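> Handing you a structure now.
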Amino acid sequence: MGPFAARFAPVLLMVGAKVPYSVIQKLTPPEVDAFSSLCLTYGVCTACAVALFFLTRRGAGGSGRTLRGEWSKATWTAPVFGACLLCMDVATLAMFRVGWDLSVGMLVLFVVLGCVLALVGSLFYGERLTARRLAGILLSVVGVVLVGM
């Protein structure tokens, strides 16, 4: 895989997963309790992650790795990440249940998220907010305002 493909493969994977993910969230029946639905969702997610662990651990000297051994290396980030995923899913389900359109809701969500992360990246990770990036952020915000009208 060349450098261009390697750089954009995760983007394509995210788009390929996020589109049906968002559509399925929009289609989740409102009469189903969000948390019970997410229990089933995360149960399937856990089963898939465990299966993928065993399918992928063979390469790069990983045949001796165990799930318990890998979990012992985990830090506070894993459970906090899980809590963040739960909050994101509950928020998205709630957004659709109060009437947001799929297209506008996700656009607003990701533009606001991008703006906040640009600020976080600048303040805490030394990422540069250049004039071009600020102009892009401004155009994104203007676009959201126009789409929301």
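> On the given criteria, is Leu52 under 23 Å from the mean Cα position of the chain (by Cα), surrounded by fewer than 11 Cβ atoms within 10 Å (Cβ to Cβ), under 28 Å from Pro20 (Cβ atoms) and modelled with pLDDT under 95?
yes
> I've got another one for you. Limited to segment 69-98, what total is found for residues that are part of a loop (DSSP other than H, G, I, E, B) and either among the polar types (S, T, N, Q) or exposed (fewer than 10 other Cβ atoms within 10 Å of the Cβ) (or both)?
Count: 4.
> With respect to Ala17, determine if the residue is over 18 Å from Arg97 (Cβ atoms) and either open to solvent by 80 Å² or more (accessible area, probe 1.4 Å) or small (Gly, Ala, Ser) (or both).
yes
> Condition first: open to solvent by less than 50 Å² (accessible area, probe 1.4 Å) and either of a type in the set (A, V, I, L, M) or in a helix (DSSP H, G or I) (or both). Now tell me which residues in segment 20-31 satisfy that.
Within segment 20-31, Ser22, Gln25 qualify.
The values are calculated or read from the model by the stated rules, or taken from the named source; none is laboratory data. No experiment lies behind these values; they were computed from the predicted model shown. A quick note on method: Cβ atoms are made from the backbone with ideal geometry, for glycine too, and the neighbour counts reach across all protein chains shown. Areas reflect the complete protein model, heavy atoms only, side chains present, ligands, DNA and RNA absent. Shrake-Rupley method; radii C 1.70, N 1.55, O 1.52, S 1.80 Å.
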